[in-house]
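Here the structure is laid out as C-alpha coordinates; the discussion comes afterwards.
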Amino acid sequence: WILFESKDLMVHFWLRAEQRANEQRTPLPPENAAKLIKAGHKVTVEHCPQRCWKLADYSAVGCAEAEQDSWEKEGVAPADAFIVGLKELSGDGTLTHRHCHFAHLFKGQPNWKTEIQRFVKGGGTLYDLEFLCHEGRRISSFGNAAGQVGCAYGLLSWAQQQIDSTLPLQQLPQQSWPTGKDLSVYVVEQLEKAAAKKEGKKPNVMIIGALGRTGRGATTMCKLCGIPEDNLTLWDLEETAKGGPFPEILKADILVLCILLDPKNPPKPFLTAEMLNSAERKLSVIADVTCESSNPNYPIPIPSAATDFDRPAIRMKGVPVTPNSAVGAGKQASLCRR
(Lines give C-alpha, C1' and ligand atoms only; values in the text may rest on other atoms or scores of the structure.)
Protein backbone atom coordinates (compact mmCIF):
# COMPACT_ATOMS: atom_id res chain seq x y z
CA TRP A 1 0.00 0.00 0.00
CA ILE A 2 2.97 2.28 -0.60
CA LEU A 3 1.02 4.31 -3.14
CA PHE A 4 -1.65 5.30 -0.62
CA GLU A 5 0.43 6.70 2.24
CA SER A 6 -0.25 10.31 1.26
CA LYS A 7 -3.18 12.18 2.84
CA ASP A 8 -3.66 14.16 -0.38
CA LEU A 9 -5.96 11.45 -1.73
CA MET A 10 -8.39 9.70 0.59
CA VAL A 11 -9.14 6.13 -0.45
CA HIS A 12 -11.84 3.84 0.92
CA PHE A 13 -10.51 0.30 1.23
CA TRP A 14 -13.15 -2.41 1.60
CA LEU A 15 -11.65 -5.70 2.76
CA ARG A 16 -14.06 -8.34 1.53
CA ALA A 17 -14.54 -11.88 2.77
CA GLU A 18 -12.57 -14.52 0.88
CA GLN A 19 -14.72 -16.66 -1.40
CA ARG A 20 -12.29 -19.52 -1.91
CA ALA A 21 -12.85 -22.41 0.49
CA ASN A 22 -10.19 -22.81 3.20
CA GLU A 23 -8.52 -19.48 2.40
CA GLN A 24 -7.66 -17.97 5.77
CA ARG A 25 -5.01 -15.48 4.68
CA THR A 26 -5.59 -11.81 3.96
CA PRO A 27 -3.60 -9.11 2.14
CA LEU A 28 -4.45 -6.54 4.81
CA PRO A 29 -3.67 -7.44 8.46
CA PRO A 30 -4.94 -5.16 11.25
CA GLU A 31 -1.58 -3.45 11.78
CA ASN A 32 -1.49 -2.31 8.15
CA ALA A 33 -5.15 -1.27 8.27
CA ALA A 34 -4.19 0.96 11.19
CA LYS A 35 -1.44 2.57 9.10
CA LEU A 36 -3.92 3.35 6.33
CA ILE A 37 -6.36 4.91 8.77
CA LYS A 38 -3.57 6.98 10.33
CA ALA A 39 -2.69 8.22 6.83
CA GLY A 40 -6.24 9.53 6.42
CA HIS A 41 -7.92 6.68 4.56
CA LYS A 42 -11.04 4.72 5.47
CA VAL A 43 -11.06 0.96 5.92
CA THR A 44 -14.17 -1.23 6.05
CA VAL A 45 -13.78 -4.91 6.90
CA GLU A 46 -16.35 -7.60 6.16
CA HIS A 47 -17.08 -10.41 8.55
CA CYS A 48 -15.18 -13.51 7.39
CA PRO A 49 -15.34 -16.54 9.70
CA GLN A 50 -12.27 -18.20 8.18
CA ARG A 51 -9.94 -15.17 8.21
CA CYS A 52 -6.84 -15.60 10.37
CA TRP A 53 -7.61 -12.36 12.23
CA LYS A 54 -10.86 -11.69 14.03
CA LEU A 55 -13.14 -8.84 13.03
CA ALA A 56 -12.64 -7.39 16.52
CA ASP A 57 -8.90 -7.03 15.75
CA TYR A 58 -9.79 -4.64 12.92
CA SER A 59 -12.46 -2.80 14.87
CA ALA A 60 -9.93 -2.16 17.62
CA VAL A 61 -7.75 -0.10 15.24
CA GLY A 62 -10.65 1.95 13.86
CA CYS A 63 -12.02 -0.08 10.93
CA ALA A 64 -15.71 -0.04 10.11
CA GLU A 65 -17.51 -3.39 10.07
CA ALA A 66 -19.67 -4.88 7.32
CA GLU A 67 -21.55 -8.11 6.69
CA GLN A 68 -19.94 -10.92 4.70
CA ASP A 69 -20.11 -10.36 0.91
CA SER A 70 -22.10 -7.15 1.42
CA TRP A 71 -19.97 -5.36 -1.19
CA GLU A 72 -21.94 -7.31 -3.81
CA LYS A 73 -25.23 -5.72 -2.72
CA GLU A 74 -26.18 -2.63 -4.66
CA GLY A 75 -25.57 0.61 -2.82
CA VAL A 76 -23.68 -0.91 0.13
CA ALA A 77 -20.03 -0.39 -0.82
CA PRO A 78 -19.37 3.10 -2.26
CA ALA A 79 -18.85 3.14 -6.01
CA ASP A 80 -15.32 4.51 -5.62
CA ALA A 81 -14.20 1.98 -2.98
CA PHE A 82 -11.32 -0.40 -3.56
CA ILE A 83 -12.66 -3.92 -2.97
CA VAL A 84 -9.65 -5.74 -1.57
CA GLY A 85 -9.19 -9.50 -1.28
CA LEU A 86 -6.51 -12.11 -1.65
CA LYS A 87 -7.80 -14.63 -4.17
CA GLU A 88 -10.13 -14.63 -7.15
CA LEU A 89 -13.87 -14.02 -6.97
CA SER A 90 -16.54 -16.66 -7.42
CA GLY A 91 -19.81 -16.20 -9.32
CA ASP A 92 -20.44 -14.77 -12.77
CA GLY A 93 -22.05 -11.37 -12.16
CA THR A 94 -20.76 -8.11 -13.61
CA LEU A 95 -18.20 -6.19 -11.55
CA THR A 96 -18.52 -2.44 -11.13
CA HIS A 97 -15.98 -1.51 -8.45
CA ARG A 98 -12.21 -1.23 -8.44
CA HIS A 99 -10.94 -4.63 -7.30
CA CYS A 100 -7.55 -5.58 -5.96
CA HIS A 101 -6.66 -9.30 -5.61
CA PHE A 102 -4.77 -12.17 -7.22
CA ALA A 103 -7.03 -12.88 -10.19
CA HIS A 104 -4.97 -15.54 -12.03
CA LEU A 105 -6.09 -14.37 -15.47
CA PHE A 106 -3.15 -13.08 -17.46
CA LYS A 107 -1.20 -16.26 -18.20
CA GLY A 108 -3.87 -18.07 -20.17
CA GLN A 109 -5.53 -19.74 -17.19
CA PRO A 110 -8.89 -21.48 -17.72
CA ASN A 111 -11.90 -19.11 -17.98
CA TRP A 112 -9.74 -15.99 -18.18
CA LYS A 113 -11.81 -14.48 -20.98
CA THR A 114 -15.08 -15.01 -19.13
CA GLU A 115 -13.71 -13.45 -15.95
CA ILE A 116 -12.31 -10.39 -17.71
CA GLN A 117 -15.68 -9.87 -19.39
CA ARG A 118 -17.22 -9.44 -15.93
CA PHE A 119 -15.12 -6.29 -15.52
CA VAL A 120 -15.73 -5.12 -19.08
CA LYS A 121 -19.52 -5.47 -18.83
CA GLY A 122 -19.73 -3.85 -15.39
CA GLY A 123 -17.22 -1.07 -16.00
CA GLY A 124 -15.07 -2.26 -13.10
CA THR A 125 -11.29 -2.21 -12.85
CA LEU A 126 -8.89 -4.94 -11.78
CA TYR A 127 -5.62 -4.20 -10.00
CA ASP A 128 -4.05 -7.64 -10.02
CA LEU A 129 -1.73 -8.06 -7.03
CA GLU A 130 0.52 -10.33 -9.06
CA PHE A 131 1.46 -7.47 -11.37
CA LEU A 132 1.37 -4.39 -9.11
CA CYS A 133 4.95 -3.16 -8.74
CA HIS A 134 6.80 -0.31 -7.04
CA GLU A 135 10.20 0.61 -8.44
CA GLY A 136 10.30 -2.64 -10.40
CA ARG A 137 9.40 -4.97 -7.51
CA ARG A 138 6.10 -6.57 -6.66
CA ILE A 139 4.39 -4.90 -3.72
CA SER A 140 2.58 -8.05 -2.60
CA SER A 141 3.79 -11.62 -2.59
CA PHE A 142 3.10 -14.80 -0.67
CA GLY A 143 5.98 -16.54 -2.39
CA ASN A 144 7.97 -17.42 0.71
CA ALA A 145 4.98 -19.01 2.42
CA ALA A 146 4.01 -20.84 -0.78
CA GLY A 147 7.54 -22.24 -1.02
CA GLN A 148 7.46 -23.45 2.56
CA VAL A 149 4.07 -25.13 2.14
CA GLY A 150 4.90 -26.66 -1.24
CA CYS A 151 8.14 -28.10 0.07
CA ALA A 152 6.36 -29.39 3.19
CA TYR A 153 3.87 -31.22 0.99
CA GLY A 154 6.73 -32.70 -1.01
CA LEU A 155 8.47 -33.94 2.13
CA LEU A 156 5.20 -35.34 3.49
CA SER A 157 4.46 -37.11 0.22
CA TRP A 158 7.93 -38.70 0.21
CA ALA A 159 7.48 -39.77 3.84
CA GLN A 160 4.14 -41.35 2.97
CA GLN A 161 5.81 -43.34 0.19
CA GLN A 162 8.23 -44.81 2.72
CA ILE A 163 5.51 -45.52 5.29
CA ASP A 164 2.99 -47.03 2.84
CA SER A 165 3.78 -46.88 -0.86
CA THR A 166 0.33 -48.17 -1.83
CA LEU A 167 -1.31 -44.84 -0.91
CA PRO A 168 -0.45 -41.29 -2.02
CA LEU A 169 -0.46 -38.54 0.57
CA GLN A 170 -3.91 -38.10 2.10
CA GLN A 171 -5.66 -35.12 3.65
CA LEU A 172 -3.65 -33.63 6.51
CA PRO A 173 -4.97 -33.79 10.10
CA GLN A 174 -5.75 -30.07 10.23
CA GLN A 175 -6.59 -27.40 7.67
CA SER A 176 -3.90 -24.93 8.67
CA TRP A 177 -0.99 -24.09 10.95
CA PRO A 178 -0.15 -20.59 12.23
CA THR A 179 3.30 -20.46 10.61
CA GLY A 180 5.70 -22.54 8.57
CA LYS A 181 7.67 -23.33 11.72
CA ASP A 182 4.54 -24.82 13.30
CA LEU A 183 3.88 -26.87 10.16
CA SER A 184 7.46 -28.16 10.16
CA VAL A 185 6.89 -29.85 13.54
CA TYR A 186 4.28 -32.11 11.92
CA VAL A 187 6.49 -32.72 8.88
CA VAL A 188 9.39 -33.79 11.11
CA GLU A 189 7.11 -36.28 12.90
CA GLN A 190 6.26 -37.92 9.57
CA LEU A 191 9.87 -37.91 8.38
CA GLU A 192 10.87 -39.67 11.59
CA LYS A 193 8.28 -42.36 10.93
CA ALA A 194 9.69 -42.78 7.42
CA ALA A 195 13.25 -42.89 8.76
CA ALA A 196 12.30 -45.71 11.11
CA LYS A 197 11.52 -47.80 8.04
CA LYS A 198 14.48 -46.62 5.98
CA GLU A 199 17.38 -46.89 8.45
CA GLY A 200 17.38 -43.18 9.23
CA LYS A 201 17.42 -42.08 5.59
CA LYS A 202 16.44 -38.52 4.75
CA PRO A 203 15.41 -37.46 1.23
CA ASN A 204 17.55 -35.67 -1.32
CA VAL A 205 15.73 -32.49 -2.34
CA MET A 206 16.32 -30.44 -5.48
CA ILE A 207 14.89 -26.91 -5.60
CA ILE A 208 14.80 -25.16 -8.97
CA GLY A 209 14.30 -21.42 -8.59
CA ALA A 210 16.11 -21.52 -5.26
CA LEU A 211 17.11 -17.84 -5.19
CA GLY A 212 13.61 -16.43 -5.57
CA ARG A 213 11.17 -15.77 -2.73
CA THR A 214 9.41 -19.07 -3.28
CA GLY A 215 12.65 -21.02 -3.55
CA ARG A 216 14.01 -19.43 -0.40
CA GLY A 217 10.83 -20.46 1.39
CA ALA A 218 11.31 -24.05 0.22
CA THR A 219 14.92 -23.99 1.44
CA THR A 220 13.77 -22.65 4.81
CA MET A 221 11.30 -25.51 5.19
CA CYS A 222 14.03 -28.07 4.41
CA LYS A 223 16.24 -26.57 7.10
CA LEU A 224 13.39 -26.43 9.63
CA CYS A 225 12.80 -30.12 8.95
CA GLY A 226 16.42 -31.10 9.46
CA ILE A 227 17.31 -31.94 5.86
CA PRO A 228 21.15 -31.91 5.75
CA GLU A 229 22.83 -29.41 3.43
CA ASP A 230 24.49 -32.32 1.62
CA ASN A 231 20.99 -33.52 0.71
CA LEU A 232 20.03 -30.20 -0.90
CA THR A 233 20.62 -29.26 -4.53
CA LEU A 234 19.82 -25.59 -5.15
CA TRP A 235 19.47 -24.45 -8.75
CA ASP A 236 18.53 -21.10 -10.24
CA LEU A 237 19.04 -19.23 -13.50
CA GLU A 238 22.77 -19.96 -13.71
CA GLU A 239 22.26 -23.73 -13.55
CA THR A 240 19.32 -23.79 -15.99
CA ALA A 241 20.72 -21.24 -18.48
CA LYS A 242 22.06 -23.91 -20.83
CA GLY A 243 18.58 -25.34 -21.30
CA GLY A 244 17.20 -28.75 -20.49
CA PRO A 245 16.46 -31.57 -20.28
CA PHE A 246 18.40 -32.10 -17.05
CA PRO A 247 19.15 -35.74 -16.12
CA GLU A 248 20.45 -34.46 -12.75
CA ILE A 249 16.83 -34.05 -11.63
CA LEU A 250 16.32 -37.81 -11.75
CA LYS A 251 18.92 -38.27 -8.99
CA ALA A 252 16.85 -36.37 -6.40
CA ASP A 253 14.05 -37.94 -4.35
CA ILE A 254 12.01 -34.74 -4.43
CA LEU A 255 11.90 -31.93 -6.99
CA VAL A 256 10.48 -28.61 -5.75
CA LEU A 257 9.69 -26.37 -8.73
CA CYS A 258 9.71 -22.66 -7.86
CA ILE A 259 10.35 -20.97 -11.20
CA LEU A 260 8.92 -17.77 -12.69
CA LEU A 261 7.77 -18.44 -16.23
CA ASP A 262 8.69 -15.75 -18.75
CA PRO A 263 6.14 -15.86 -21.61
CA LYS A 264 8.61 -14.04 -23.87
CA ASN A 265 11.38 -16.54 -23.20
CA PRO A 266 9.85 -19.93 -22.35
CA PRO A 267 12.32 -22.50 -20.98
CA LYS A 268 13.26 -25.72 -22.69
CA PRO A 269 11.82 -28.81 -20.96
CA PHE A 270 13.53 -29.65 -17.69
CA LEU A 271 12.14 -33.18 -17.80
CA THR A 272 10.51 -35.32 -20.47
CA ALA A 273 8.01 -38.15 -20.23
CA GLU A 274 10.70 -40.51 -21.49
CA MET A 275 13.01 -39.50 -18.65
CA LEU A 276 10.28 -40.16 -16.08
CA ASN A 277 9.91 -43.65 -17.54
CA SER A 278 13.62 -44.36 -17.10
CA ALA A 279 14.59 -47.29 -14.89
CA GLU A 280 17.37 -45.07 -13.50
CA ARG A 281 14.90 -42.56 -12.05
CA LYS A 282 15.23 -42.04 -8.32
CA LEU A 283 12.85 -39.06 -8.34
CA SER A 284 9.53 -40.00 -6.74
CA VAL A 285 7.90 -36.66 -5.83
CA ILE A 286 7.40 -33.45 -7.79
CA ALA A 287 6.22 -30.56 -5.61
CA ASP A 288 4.91 -28.00 -8.07
CA VAL A 289 4.90 -24.61 -6.37
CA THR A 290 4.83 -22.70 -9.66
CA CYS A 291 1.41 -24.25 -10.44
CA GLU A 292 1.09 -23.32 -14.09
CA SER A 293 1.01 -26.81 -15.61
CA SER A 294 -1.79 -25.79 -18.01
CA ASN A 295 0.75 -23.53 -19.73
CA PRO A 296 1.87 -25.18 -23.00
CA ASN A 297 5.46 -24.13 -22.27
CA TYR A 298 5.59 -25.75 -18.84
CA PRO A 299 9.03 -27.38 -18.44
CA ILE A 300 7.92 -30.54 -16.61
CA PRO A 301 5.34 -33.07 -17.87
CA ILE A 302 2.93 -33.22 -14.94
CA PRO A 303 -0.87 -33.46 -14.92
CA SER A 304 -2.81 -30.19 -15.12
CA ALA A 305 -5.45 -31.59 -12.75
CA ALA A 306 -5.38 -29.44 -9.63
CA THR A 307 -4.76 -30.93 -6.22
CA ASP A 308 -6.60 -29.64 -3.17
CA PHE A 309 -6.80 -30.07 0.59
CA ASP A 310 -8.70 -33.36 0.29
CA ARG A 311 -6.26 -34.70 -2.29
CA PRO A 312 -2.91 -32.95 -1.84
CA ALA A 313 -1.00 -35.43 -4.03
CA ILE A 314 -1.87 -37.39 -7.14
CA ARG A 315 -0.23 -40.37 -8.80
CA MET A 316 1.25 -39.61 -12.19
CA LYS A 317 -0.29 -41.93 -14.73
CA GLY A 318 1.97 -43.86 -17.06
CA VAL A 319 5.03 -43.42 -14.85
CA PRO A 320 6.20 -46.85 -13.67
CA VAL A 321 9.20 -48.18 -11.74
CA THR A 322 9.07 -46.39 -8.34
CA PRO A 323 6.33 -44.74 -6.27
CA ASN A 324 5.53 -41.37 -7.81
CA SER A 325 3.41 -38.39 -6.87
CA ALA A 326 2.81 -34.86 -8.08
CA VAL A 327 1.98 -32.27 -5.45
CA GLY A 328 0.41 -28.93 -6.37
CA ALA A 329 0.77 -26.07 -3.91
CA GLY A 330 -1.58 -23.46 -5.35
CA LYS A 331 -4.65 -23.53 -3.13
CA GLN A 332 -2.76 -25.27 -0.36
CA ALA A 333 -0.43 -22.31 0.18
CA SER A 334 -2.99 -21.09 2.70
CA LEU A 335 -1.96 -24.02 4.92
CA CYS A 336 0.09 -21.37 6.79
CA ARG A 337 -2.27 -18.65 7.93
CA ARG A 338 0.16 -15.78 8.51
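The values are calculated or read from the model by the stated rules, or taken from the named source; none is laboratory data. These numbers come from a predicted model, not from an experiment. Positions of Cβ are backbone-derived with ideal geometry, glycine not excepted, and every protein chain shown enters the neighbour counts. All accessible areas refer to the heavy atoms of the entire protein, side chains included, with ligands and DNA or RNA removed. Shrake-Rupley method; radii C 1.70, N 1.55, O 1.52, S 1.80 Å.
Taking the protein heavy atoms of the chain in the context of the full set of protein chains, the accessible area attributed to carbon and sulfur is 51 percent at 1.4 Å. Taking label points 7 Å from Cα along the Cα-to-Cβ direction, Glu130 and Lys54 give a separation of 3.6 nm. Hey, in the GNM for the chain with a 10 angstrom Cα cutoff, which one of Ile208, Ile116, Ile254 fluctuates hardest? The residue with the greatest mean-square fluctuation here is Ile116.
Once the 1.4 Å probe is applied to the protein heavy atoms, segment 93-159 comes out at 45 Å² accessible per residue. Only lysines eight or more places from Lys223 in sequence, or on another chain, were considered; those with a Cα closer than 28 Å are Lys181, Lys193, Lys197, Lys198, Lys201, Lys202, Lys251, Lys282, Lys331. Stretching Gln171 away from Lys197 to a fully extended chain increases their span by 7.2 nm, per 0.36 nm per residue minus the current alpha-carbon distance.
Over the chain, what is the percentage of antiparallel beta bridges among all DSSP beta bridges, to the nearest 5? Roughly 10 percent of the beta bridges in the chain run antiparallel, per DSSP. In this label model, Gln117 and Arg315 are separated by 4.0 nm, measuring between points 7 Å along each Cα→Cβ vector. Our estimate of slack between Arg137 and Val76, defined as 0.36 nm per intervening residue step minus the Cα-Cα distance, is 18.5 nm.
Please state the Cα pair-distance histogram of the chain with 10 angstrom bins from zero: what percent is in each bin? Answer for the chain: a P(r) of 5, 24, 31, 22, 13, 4, 0 percent. Based on protein heavy atoms only, segment 236-294 ends up with 51 Å² per residue of surface accessible to a 1.4 Å probe.
Label zone of Lys223 (point 7 Å out along Cα→Cβ, amide N under 18 Å): in segment 126-149 this covers 143-149. When Rg and the Kirkwood radius Rh are both evaluated on Cα atoms of segment 131-252, their ratio Rg/Rh stands at 1.01.
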